[in-house]
Structures are given as C-alpha cells and as structure tokens.
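Trainee: Shown below is the structure under consideration.
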Amino acid sequence: MRKKYWQPELETAPREVIARLQLERLKETVKRVYGRVPLFRKRMDAAGISPEDVRSLDDLAKLPFTTKQDLRDTYPYGMFACDMTDVVRLHASSGTTGKQIVVGYTKNDLKTWDNLIARQLTAAQIGEDDFIQVAFGYGLFTGGLGLHGGAELVGATVIPVSTGNTARQLTIMQDFGSTALCCTPSYAMYLGESAEAAGISGKLRLRAGVFGAEPWTEEMRRQIESKLHLRAYDVYGLTEVMGPGVSYECGEQHGMHVSEDCFIVEVIDPDTGEPVPDGTYGELVFTSLTKEAFPVIRYRTRDICSITREPCACGRTFARMSKPRGRTDDMLIIRGVNVFPSQIETVLINLGYAPNYQIIVDRVNNLDVFEVKVELTEEIFDDTLSVLARREKAIADAMRSLLGIGPKITLVNPRSIERSEGKAKRVIDRRVLHD
Ligand code: DLL
C-alpha cells in the first residue's frame, strides 16, 4: 500500500498530457483571479489582456508578474480569490524581509496540499510504517502543519514535536522510535551534532529525513546523513505559492520535481523579466493551477534556480529544479562583488570544516568590511596558534580565488556560533545601519 500516493498517471505523464492539463487549469485560474482580485484585473486591463486571450501555454508570458510587494500592498486579504467563509486556514510568512504576508486555504486547497506532501513523502520512501517526527515549527509557518497533513494522509504515525528543545527532541526520537525526521537542514545538523555528543547517534531508528525551507548544499546533505544515519531528501516550497511540497526529490536526487499538475514553473532573467533557456540559472516564477483561496499568477519567488525538463531516471516527467542557489535578496554585494552565502559554505566544506559559519559585513570609512567566522571542529581545536593562522589564511585564499575578494577569517571555538532551530541566520549585514 506504500505506493498509494505514487501517481504515475500524473507524475510520469507524457509532456503533452501535462501541458494539456496545465492549459485547462490555467484558463480556469486566470478567469477566477480576473473576476475576484481587483489588483490583477486592473493589471490585465492595463495590459489589454482578457482571460479569453489565454489560448495556449505560451500566452502565459503575456500575463503580468506578481511580486511580494503586491502581496504586502494588498495585506491582509486583498489577493484572496474566494469568499472568506470558504477560507478554513490562514498561514503567514515570517516577515524577515519586510512586512509579513498572509495566505489562505479552502478545504480543497488543504486536500491538494496534503496530497502533494503525501506524494513527496512517497517519493522519499516514507509511508504508513513510519514514525514521522515533524520538527518544523507549527503555527503560522507552513512547515509544521504542511508536513503534518501529508504525513497523516500516507497513514504514518505522526509525532508533532514542532521545533526547539533539542534534548527533548532526541529523547522522543529514541523512545518513540522515530524513523523519519522533517525539519530545516540546519536544525538536522544541530540534532545530529547533539546526538553524537550524547552518544546516541548510532542508536536511533531514523532512516529518512525530509529537509527544506532554506538553502543547503550537497556537502551538508552528506554530513547530515552521516550524523543521523538516514537518507536525506530535499523539499521546496514557499508560503505564497502553498508551503512545502511545491517540488520534491525522488530517489535519484538529481533536482526536485515540480508538481506540474498544480504549478507552472518558469525561470526568468531577474533584470529583464525574459524567460531563460532550461539549464540556465535565473529567478524562479510560479503560477498556481488549482488554488482557490490564494491563486498566484507568475509569482516572482526571488529564488535563483535552473530547471530541466529532461526525463528523470525515476520515470517522472515533471520538470526538475536545481537546489536554489540563494535568493536575489540574500545575495550580498560586497565591494561590488556578488556573494552568495552558499558559495562561502561550499569553500568551507571542501576544506573540511562544518557548515557552521557566520558572515559579517560592515562599512568602515565608506569601505565594505567582510568577515567570516568559522567554527573549529573538535579534531582541529587543539592546533597551535601558528597552525590556526595558516588555516585562516588558507580559507581566505580559497575564498579570494572563488569570489575575487578575500574576507577576514576568524576561527572560533567549536559549537560557539548560535544554532538555529528553524531557518539558520548566516548573515549579519551591519551596513544597513549606516544607510
Ligand atoms: O520555507 C516553506 C517550506 C517549509 C519549505 C518546509 C520546505 C519545507 P517560507 O517561509 O515562505 O516557506 O520560505 C520560502 O525558503 O522562497 C526559498 O528561498 C527558501 N526555501 C524553501 N525550501 C527550500 C529548499 C517555507 N529546499 C523560501 N532549498 C523560499 C532552498 C528553500 N531554499
């Protein structure tokens, strides 16, 4: 019965079949939004487009984009496309990059969401025999309740611990026999380190993990897998588009399959708004196809990704997106150079450090100052001062050769950088204080 939410008629459908379904659903969605969302109707009218002008998937490109600013401007319910009496749940984004946004779900929307999470868990070989410890935050954040619904749907035993209280998480993991773990990758790392420190890492029954909600590298995947003795799967999503489960990894782990029966994915050049060819990095854009309460048309995610529509060895024909490299708004511009935290992380891991670091950017006498604090591991903690200085120089040199600018590297004691139970805070940009 594990295969119940493996939906080959959709997941492995020929591309023409997917395209037909998308067009039919796109027409419905555009009609709905035009009729119900004033901001969208105004934009379409201004562009001289009516819902009847959407006759092929290529016509999508004629539709206006939606941005996070639009959602803020219409806060809280201006983008809702159904009666409030049909809305049965609200979620909200954390608001770390500005005023929060609110999204809603009808009963059907929740059903679809549960189904997509169930599909994703099934692709990760997680099913009714599993004990799933959901250590994503429950509440307005979509992680906890999102994973929860799909986990119940597949018939697993759900342990809704939510986030935090690491000692208790580990006790529960051990005593309740958790076989699957869902949380942010940075929290998975922290749980792994803590399990090792407590000497219980080998005693856990975990076999699969579903991690997402923030960027993480392949190197980090390997570290989590070795600390927690499980297979780690990536899951992607965002509040505005639904929450977790917009795309998911299969056993091949070569990109995340976008659930194209429910979303159209595009990649555009963030500066011009023009589509870029498959395989090229650009900004990810989603259009929802089934959502009733909070449909989105060409929503600009700010996530930097590439997609491929090549078939996957797993048999799925849904397009795959790369791991997001970062966001257009977490890209740092330091002395005119574009720097993504993921680049820093890759250098550190390649040199044998754990991905525990913090980037601090400041401005002194009108000049950007760039520092990276890097945690020592227990093994290299005892090095002499001269060895440590050599290590700092080696890291700075590796970063300079990749980025063109070299940060000041400061090695700090093991486990001294604050750990996160949710999304990690890797960057402290003090320049905003001077602007
Ligand atoms: O983070 C939804 C989610 C919950 C996804 C649990 C996966 C698991 P937001 O808080 O709105 O929603 O943040 C969305 O997080 O635009 C990406 O920048 C980032 N993000 C989400 N998943 C991944 C991932 C949830 N797998 C923002 N890899 C998105 C990299 C991710 N970044």
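Trainee: Give the relative contact order (percent, whole number) for region 332-433; include only Cα pairs under 8 Å separated by 6+ residues. Could you put the intermediate results ahead of the total?
Mentor: Numbers: 137 pairs, mean separation 34.5, N = 102.
It comes to 34 percent, rounded to a whole number.
Trainee: Is region 291-343 best put as rounded, prolate or oblate by its Cα gyration tensor, with a ≥ b ≥ c the root eigenvalues, rounded for a/c under 1.5, and otherwise prolate when a/b is larger than b/c, oblate when not?
Mentor: Working: a/c = 3.78, a/b = 1.44, b/c = 2.63.
Oblate, because a/c is 1.5 or more while a/b does not exceed b/c.
Trainee: Can you classify region 1-143 as rounded, prolate or oblate using the Cα gyration tensor, where a ≥ b ≥ c are the square roots of its eigenvalues, rounded means a/c under 1.5, and otherwise it's prolate if a/b beats b/c and oblate if not?
Mentor: Numbers: a/c = 2.37, a/b = 1.27, b/c = 1.87.
Oblate.
Trainee: Then there's this: How much mean residue ellipticity at 222 nm does the chain get from its helices, if each DSSP H run of length 4 or more adds -39500 (n - 2.57) and you divide by all residues, to the nearest 500 deg cm²/dmol? Before the final figure, lay out each step's value.
Mentor: Working: 12 runs with 137 residues, N = 435.
Helix-only estimate at 222 nm: -9500 deg cm²/dmol.
Trainee: Let me ask another. Kindly rank 249-259, 134-144 from highest to lowest mean number of other beta carbons found within 10 Å of each residue.
Mentor: Details: 249-259: 20.5, 134-144: 23.2.
Order by mean packing, descending: 134-144, 249-259.
Trainee: What percent does the relative contact order of the chain come to when contacts are Cα pairs within less than 8 Å and at least six residues apart?
Mentor: Details: 863 pairs, mean separation 61.9, N = 435.
Relative contact order for the chain comes out at 14 percent.
Trainee: Starting from the residue with the highest accessible area, list VAL387, VAL33 in decreasing order, probe 1.4 Å. Let's see the in-between values first.
Mentor: Values: VAL387 40, VAL33 5 Å².
So, going from the largest accessible area down, we get VAL387, VAL33.
Trainee: If you filter region 77-139 for trypsin sites (Lys or Arg not before Pro), then keep DSSP loop positions with at most 13 other Cβ within 10 Å, what is left? It would help to have the intermediate numbers written out before the result.
Mentor: Working: sites: ARG89, LYS99, LYS107, LYS111, ARG119; in loops: LYS99.
Hits after loop and neighbour filter: LYS99.
Trainee: Then there's this: Cα to Cα, under 30 Å, and not fewer than 8 places away if on the same chain: which lysines meet these conditions relative to LYS291?
Mentor: Here the lysines satisfying the reach criterion relative to LYS291 are LYS3, LYS4, LYS27, LYS31, LYS42, LYS62, LYS68, LYS99, LYS107, LYS111, LYS323, LYS423.
Trainee: Solvent-accessible area per residue for the chain at a 1.4 Å probe radius, Å²?
Mentor: Per residue, the chain has an accessible area of 43 Å².
Trainee: Can you give the net charge of the other residues whose Cβ lies under 14 Å from the Cβ of TRP113, counting K and R as +1 and D and E as -1? It would help to have the intermediate numbers written out before the result.
Mentor: Working: positive: ARG89, LYS107, LYS111, ARG119, LYS291; negative: ASP109, ASP114, GLU152, GLU240, ASP261, GLU292.
Here the charged neighbours net out to -1.
Trainee: Let me ask something else about it. I'd like the carbon and sulfur percentage of the solvent accessible area for region 180-256, probe radius 1.4 Å, heavy atoms only, ligands and nucleic acids excluded. Working shown, then result.
Mentor: Numbers: 1020 of 2180 Å².
It is 47 percent, rounded to a whole number.
Trainee: Scan around THR12 for amide H atoms under 5 Å from its own, H built in the peptide plane at 1.01 Å from N, and keep only partners 5 or more places away or cross-chain.
Mentor: Residues meeting the criterion, in which the H sits 1.01 Å from N, are THR317.
Trainee: Among the GluC sites (Glu not before Pro) in region 391-422, which ones are in a DSSP loop with at most 16 other Cβ atoms within 10 Å of the Cβ? Mind listing them? List each step's numbers first, then the result.
Mentor: On the way: sites: GLU392, GLU418, GLU421; in loops: GLU418, GLU421.
In loop regions of region 391-422 (DSSP not H, G, I, E or B), the sparsely surrounded GluC sites (Glu not before Pro) are GLU418.
Trainee: Calculate the length of the line joining the C-alpha centroid of region 367-384 to that of region 152-211, in whole Å.
Mentor: Measuring centre to centre over Cα atoms gives 29 Å.
Trainee: Same structure again: Taking Cα pairs under 8 Å and at least six residues apart, what relative contact order does region 1-87 come out at, in percent?
Mentor: Details: 41 pairs, mean separation 24.5, N = 87.
Relative contact order here is 28 percent.
Trainee: In a Debye calculation with equal point scatterers on the alpha-carbon sites of region 1-324 and no solvent, what is log10 I(q)/I(0) at q = 0.09 Å⁻¹?
Mentor: -0.46
Trainee: Same structure again: Build a GNM of the chain with springs between Cα atoms under 10 Å: which of ARG302, ARG316, ARG363 gets the top mean-square fluctuation?
Mentor: Answer for the Gaussian network model of the chain: ARG363.
Trainee: Quick check: residue separation of ARG168 and ARG207 times 0.36 nm, minus the Cα distance between them. What number comes out in nm?
Mentor: Working: separation 39, 0.36 × 39 = 14.04 nm, distance 1.95 nm.
The span from ARG168 to ARG207 would gain 12.1 nm if fully extended.
The values are calculated or read from the model by the stated rules, or taken from the named source; none is laboratory data. Keep in mind the model is a prediction, meaning the values are calculated, not measured. Using ideal geometry, Cβ is built from the backbone for each residue, glycine included, and neighbour counts are taken over all protein chains shown. The area values use the complete protein model at the heavy-atom level, side chains included, leaving out ligands, DNA and RNA. Shrake-Rupley method; radii C 1.70, N 1.55, O 1.52, S 1.80 Å.
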